[in-house]
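Okay, so here's the structure we're looking at.
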Amino acid sequence: MPIKIGLVGLPNAGKSSLFNLLTGLSIPAENYPFNTIDPNIGELNIFDQRVDKVAKIVSPDKKNYDSIELRDIAGLVKGASKGEGLGNQFLGNIKEVDGIIMVVRGFSGKNVAHVLESIDPQRDKEVLLSELILKDLETVGKRIESIKRKSRFDEKKKKLNTVLDEIDTYLNEEKLASEFLKDKKFDKEIETEIQSLQLLTAKPIIYLLNTDEIFTSKDDLRSKLGVKEDGLVFSMDIVFEQEVVNIVDEKERRELLEGMEMNQLMSKKLPYYCLDSLRFETFITAGKQEVRSWIFKKGISAKEAAGVIHNDFTKKFISLEACAYEDFIESGGWEGAEERGKVRLEGKNYVIKDGEIIYFKIGA
Ligand SMILES: Nc1nc2c(ncn2[C@@H]2O[C@H](COP(=O)(O)OP(=O)(O)O)[C@@H](O)[C@H]2O)c(=O)[nH]1
Ligand SMILES: [Mg+2]
């Protein structure tokens, strides 16, 4: 299953425009608030250059790159968690994603309506976060309710109840679940329970300001958005970038960019920023038939990583062989790496590192 990123934001923030820009698709991006109900789904291609280098050595029949699934989720509004503007349904769509890009409007665009009638990125961001928090409170509340009776006799449920109460307190203070979970270590069972709740505010969030304003540092951008010092932020002028992309003449395109003192479009950088900052990593499989990259959530076990390739592989996992990317390249492939003792045999709990070349041994 591919990694999924959801675009979340108020109506008319520029989500659909960004979706089109990133995926090269053309779904309607209109000055009309609730134009999307089911999420639009597209692909964000990640042309990992390590695949090319590995393929050069292995000469496979074909090479392929993993992509990220991008979902353009309908506009949220204040009260969404209570069902405003079909809000609950939209919030449900966010449950399924692995990371969020929160598109925040910074452009004034007099002809483009704003549901809150003024341009105020910080307020918009707060409104959006509140809705996500309210939804999480509902989710946590329901779970607490459902285990309440059992937790009097069952030690495990009692433990879970305590953790859920803590999360509930956190959310009630308008803090995100991710802040609570950040430095905590739980028993496997509790962790699985928390994961199964798919809390919206436990997901990593990139705050993307849609503006033509130039920010010289991430800190300036953070303060504009009212985001903490370690917050993930990005800014770009979505409509301008689409205009540049639409220019057929390459020279003209380059000149326009240079005029803006940009060496590359932000929309070209964004996918890589997502990969890095949303805690996604890549491993590579390198057989004679195919060399391919696979994107996974950092920190998952080898067994879970096998499931990235095929659901069945999780159950049938036996072991894997791993080689660091640099070792593989320097050794000129599997054989050389083996001779130099650079190939390791690892078990199901091994944590795959970014860039590693992996060979899975899968049972029948
Ligand atoms: N002036 C201006 N208009 C924009 C910008 N970004 C988006 N728009 C316009 O705002 C309207 C809503 O954009 P859309 O992408 O559909 O927003 P969504 O509701 O968040 O999906 C469209 O008419 C866009 O052309 C921008 O940076 N500047
Ligand atoms: Mg839209």
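The values are calculated or read from the model by the stated rules, or taken from the named source; none is laboratory data. Small disclaimer: the values here were computed from a predicted structure and weren't measured. For neighbour counting, all protein chains shown are included, and Cβ atoms are generated from backbone atoms with ideal geometry for every residue, glycine included. Just the protein is used for accessible areas: all its heavy atoms, side chains included, with ligands, DNA and RNA removed. Shrake-Rupley method; radii C 1.70, N 1.55, O 1.52, S 1.80 Å.
Tabulated results
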{"quantity": "Among 346, 261, 138, residue whose mean-square fluctuation peaks in a GNM of the chain (springs only between Cα atoms under 10 Å)", "calculated": "261"}
{"quantity": "Surface share of carbon and sulfur [accessible, 1.4 angstrom probe, percent] for segment 230-278", "calculated": "50"}
{"quantity": "For a label point 7 Å along the Cα-to-beta-carbon line of residue 246, residues of segment 263-284 with backbone N under 17 Å", "calculated": "267"}
{"quantity": "Solvent-accessible ranking of 314, 139, 162, 216, largest area first, probe 1.4 Å", "calculated": "216, 162, 314, 139"}
{"quantity": "Alpha carbon centroid spacing (whole Å) that separates segment 224-286 from segment 307-340", "calculated": "32"}
{"quantity": "Per residue accessible area in Å² of the chain, where ligands, DNA and RNA are left out and the probe is 1.4 Å", "calculated": "52"}
{"quantity": "Full-stretch length increase - residue 261, residue 279 - with 0.36 nm per residue and alpha-carbon distance subtracted", "calculated": "3.5 nm"}
{"quantity": "Max mean-square fluctuation residue, GNM over the chain, Cα-Cα springs under 10 Å, options 326, 290, 117", "calculated": "117"}
{"quantity": "Residues residue 183 and residue 155, FRET efficiency given R0 of 30 Å [Cβ-Cβ distance, rounded to 0.05]", "calculated": "0.75"}
{"quantity": "Relative contact order (percent, whole number), the chain, Cα cutoff 8 Å, 6+ residue spacing", "calculated": "19"}
{"quantity": "Calculated [θ] (222 nm, deg cm²/dmol) that DSSP helices of n ≥ 4 give over the chain, each run adding -39,500 (n - 2.57)", "calculated": "-12500 deg cm²/dmol"}
{"quantity": "Estimated Rh, segment 112-186: Kirkwood, alpha-carbon pairs, angstrom", "calculated": "14.2"}
{"quantity": "Spacing of the two label points (7 Å from each Cα toward its C-beta) at residue 268 and residue 116, in nm", "calculated": "3.4"}
{"quantity": "Kyte-Doolittle mean at least -1.0, axial Cα span of 27 Å or more - DSSP H helices of the chain", "calculated": "121-147"}
{"quantity": "Amide H partners (placed H, <5 Å) of residue 290, local residues excluded", "calculated": "61, 62"}
{"quantity": "Among 45, 246, 111: highest mean-square fluctuation, GNM of the chain, C-alpha pairs under 10 Å", "calculated": "111"}
{"quantity": "Reference-scaled alpha-carbon Rg (2.2 N^0.38 Å with N residues) for the chain", "calculated": "1.09"}
{"quantity": "Order by protection proxy (mean Cβ within 10 Å, highest first), peptides 280-289, 5-14, 53-62", "calculated": "5-14, 280-289, 53-62"}
